[in-house]
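Visitor: I have a structure here, written as structure tokens, and I will follow up with some questions on it.
The values are calculated or read from the model by the stated rules, or taken from the named source; none is laboratory data. Predicted model, so just to flag it, every value in this text is computed and none were measured. As a convention, Cβ positions derive from the backbone with ideal geometry for all residues, glycine included, and neighbour counts pool all protein chains shown. The accessibility values were calculated without ligands, DNA or RNA, using every heavy atom of the protein model including side chains. Shrake-Rupley method; radii C 1.70, N 1.55, O 1.52, S 1.80 Å.
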Amino acid sequence: MKEFAYSRARTAAEASALAGRSGTCLIAGGTELLNWMRLGIVAPDQVVDIGAIPGQAGIRLEGDTLLIGALADLNRIAGHPLVEAHAPLLGQACRSAASPQVRNRATLGGNILQRTRCPYFRAEEPLPWGCNKRRPGSGCSAHRGRNGEHAILGWTGSCVATHPSDPLVALTCLGAEVELVSPNALRRAPVGTLHVTQREARHAGEDSARYENTLRDDEMIVGFRIPAQSVTGTSYIKVRERRSYAYALVSAAAALRVEGGAVRSLGLVLGSVAQRPWRLRGAEAALIGQPISKDTVHAAVEEDLREAKSLPDNEHKIRLARNAAVRAVLTAATS
Ligand code: SF4
């Protein structure tokens, strides 16, 4: 591993100013950056520790908005009474992420910015195969190789990776905003717009394998704002190969309000099917005013997933996504 300078930032503005410098990486819990450095995905000249910046790990209620600092760790979020009362979906997603040990270190901000688990990407240098994310123009080994866990939506031939975060799916479903600090500004954005699919990157004129999110170089995530919602039930379903510790093959989050036997509002989002959480807007709209039944939900989700396109090894993910979304809505309806 290359030698690097280490320093501690005292404020978010100071950290974001340093983050804008070439060769600088920020570190908080360290559950991602150290892996990237070990594998040679990044080789920073300077690592800036943001883990001790005061006031960045709080969880509090402000009016009807739940505020969670970017440095709050996943276990604390999962067990916090305010999260349990106002955003239990997020608590459930945090509890299902990683292992208890990792959740004690992993921050919410870092979890959102983790990168794909594509095995061709997560390999040690010198890379023995092509990966356009690691080496532009070297090809996508997953596209023609092992792709059973890869994307079914929004992908291009340049990259078929997915985003693996659980909390990001719940935050998107809850309509949360992310707060971003740069040296001269604080801005908010819907959390669901932070990441882009490969196809969206290409439409924006960017490298569809390398461009993953809209975060600017000198911006740092400082917190999340989650609107308190009048939902009658929520559910997070995570489908994975083993329950103890595994990334999602597919996940689904639902936040539902039912009144008088009919759906009044619905948030329905899939995870691990694309390079960002995938909102099933068609199904959300189709179910408004409808009674909840397995048939109506199944039909709405099936219709919305018509645009999904499988790779040679992952056709099963379309069925898993459909079943997880249906189960999330039906479970939310009875929770
Ligand atoms: Fe690399 Fe993306 Fe292809 Fe994986 S899917 S090998 S990350 S280019």
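Visitor: Any residue in the stretch 11-27 that is in contact with a Leu (Cβ under 6 Å, 6 or more places away or on another chain) and under 24 Å from PRO100 (Cβ atoms)?
Guide: Yes, that holds for at least one residue.
Visitor: Residues being more than 10 Å from the ligand (Cβ to nearest atom) and in contact with a Lys or Arg (Cβ under 9 Å, 6 or more places away or on another chain): count how many of those fall in the stretch 121-143.
Guide: 2
Visitor: If you don't mind, another one. Against the definition (open to solvent by 20 Å² or more (accessible area, probe 1.4 Å), in contact (Cβ under 8 Å) with a residue 40 or more places away in the chain and out of contact with any Pro (no Cβ under 8 Å at 6 or more places or on another chain)), how does PRO312 come out, yes or no?
Guide: Considered against the rule, which asks whether it is open to solvent by 20 Å² or more (accessible area, probe 1.4 Å), in contact (Cβ under 8 Å) with a residue 40 or more places away in the chain and out of contact with any Pro (no Cβ under 8 Å at 6 or more places or on another chain), PRO312 comes out as yes.
Visitor: Do we find a residue being open to solvent by 30 Å² or more (accessible area, probe 1.4 Å), within 16 Å of the ligand (Cβ to nearest atom) and more than 24 Å from VAL269 (Cβ to Cβ) anywhere in the stretch 109-120?
Guide: For the stretch 109-120, residues open to solvent by 30 Å² or more (accessible area, probe 1.4 Å), within 16 Å of the ligand (Cβ to nearest atom) and more than 24 Å from VAL269 (Cβ to Cβ): present.
Visitor: Next up: Give the residue that is farthest from the ligand (Cβ to nearest atom), with candidates limited to residues of the stretch 144-166 that are in contact with a Leu (Cβ under 7 Å, 6 or more places away or on another chain) and more than 10 Å from VAL273 (Cβ to Cβ).
Guide: The selected residue is GLU149.
Visitor: So which of VAL83, VAL102 ends up being closer than 16 Å to VAL169 by Cα and either of a type in the set (Ser, Thr, Tyr) or away from the ligand (no atom under 16 Å from the Cβ) (or both)?
Guide: VAL83
Visitor: Right, SER272: in contact (Cβ under 8 Å) with a residue 12 or more places away in the chain, on the phi > 0 side of the Ramachandran plot, crowded, with 21+ Cβ neighbours inside 10 Å and among the small types (Gly, Ala, Ser) or not?
Guide: yes
Visitor: Here is a further query. With the condition being modelled with pLDDT under 95 and closer than 20 Å to VAL196 by Cβ, I'd like the helices (runs of 4 or more DSSP H) fully within the stretch 54-169 carrying at least 3 qualifying residues.
Guide: Qualifying helices (runs of 4 or more DSSP H): none found.
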